[in-house]
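Below is one structure, written out as structure tokens; the observations come after it.
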Amino acid sequence: MKNLFILITFLTSFIFTSTVIAQKQNFSVKSKRAIQLYKDADILATYNKDYARAVFTLRTLIKEKPEFVEAHLLLGDIYGKVKRYTSQKKSYMKVLALVPSDPRHVTMYYNLGLIYQQEQNYTEAIKFLQKIEDFPLASKTITNKAITLKQVCEAEILKQEERSLTLAQD
């Protein structure tokens, strides 16, 4: 009976602590209204798949609080989901302007590398993919994906150089 009580106490405190930690996210702004709008937009996008309303909410929020890093990041993620890659890139570049090297945004660096690779701007792609290797806490999955994509970009650069040499010889 005593062991059961200890187990229940432990589980209750673990669940409570996990809930408090999950709810207490550090945001780049302190405005409760701005944070609530951000959370609303996140729910609209994540659970309701209402990307248009989420984008509208975030764009309105960013006009009021242009320094709200997380809003720019979420907006970029949503643009990626709806395949608006130019807008996604602009949102991510705004994040980089606000916080130039944040290891919490490792997926953003991968997505930027992917966008630049699709645009055939391999040098820029490599720049962002290389950044992931500078973050030791990045997951092995994202690190391996970044290494693979970086190798693809390097191979494409070599192909371009070979084509240039062949054209120059002709």
Identified option (computed Rg/Rh (Cα atoms, Kirkwood Rh); candidates [x] 0.97; [y] 0.94; [z] 1.14): [z]
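Of all the Cα-Cα pairs you can form in the range 95-170, what percent are over 16 Å apart? The partial results should precede the final answer.
Details: 1433 of 2850 pairs.
When all Cα pairs of the range 95-170 are counted, 50 percent exceed 16 Å.
Summarise the accessible area of the chain (1.4 Å probe, protein heavy atoms) by the percent that is carbon and sulfur.
The value for the chain is 59 percent carbon and sulfur by accessible area.
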Placing +1 on the Cβ of each Lys and Arg and -1 on the Cβ of each Asp and Glu in the range 24-104, which of PHE68, ALA41, VAL99 has its Cα farthest towards the positive end of the resulting dipole? ALA41
Stretched fully, the stretch from GLN169 through GLN36 gains (0.36 nm per residue minus C-alpha distance, one decimal, in nm) 41.7 nm
In nm, what is the difference between 0.36 nm times the number of residues separating THR46 and GLN25 and their Cα-Cα distance? 5.8 nm
Label model pair LEU158, THR60: point-to-point distance (7 angstrom along the Cα→beta-carbon line) in nm is 5.2
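Which entries in the list LYS65/LYS94; LYS63/LYS94; LYS49/LYS145; LYS32/LYS63 go over 19 Å, if you measure between the two C-alpha atoms of each? Intermediate results must be reported in sequence, preceding the final value.
Numbers: LYS65/LYS94 13 Å; LYS63/LYS94 13 Å; LYS49/LYS145 26 Å; LYS32/LYS63 16 Å.
Those over the limit are LYS49/LYS145.
The values are calculated or read from the model by the stated rules, or taken from the named source; none is laboratory data. Just so it is clear, the model here is predicted, and its values are computed rather than measured. Glycine gets a Cβ as well: all are built from the backbone with ideal geometry, and neighbour counts include every protein chain shown. What goes into the accessible areas is simple: the full protein's heavy atoms, side chains included, and nothing from ligands, DNA or RNA. Shrake-Rupley method; radii C 1.70, N 1.55, O 1.52, S 1.80 Å.
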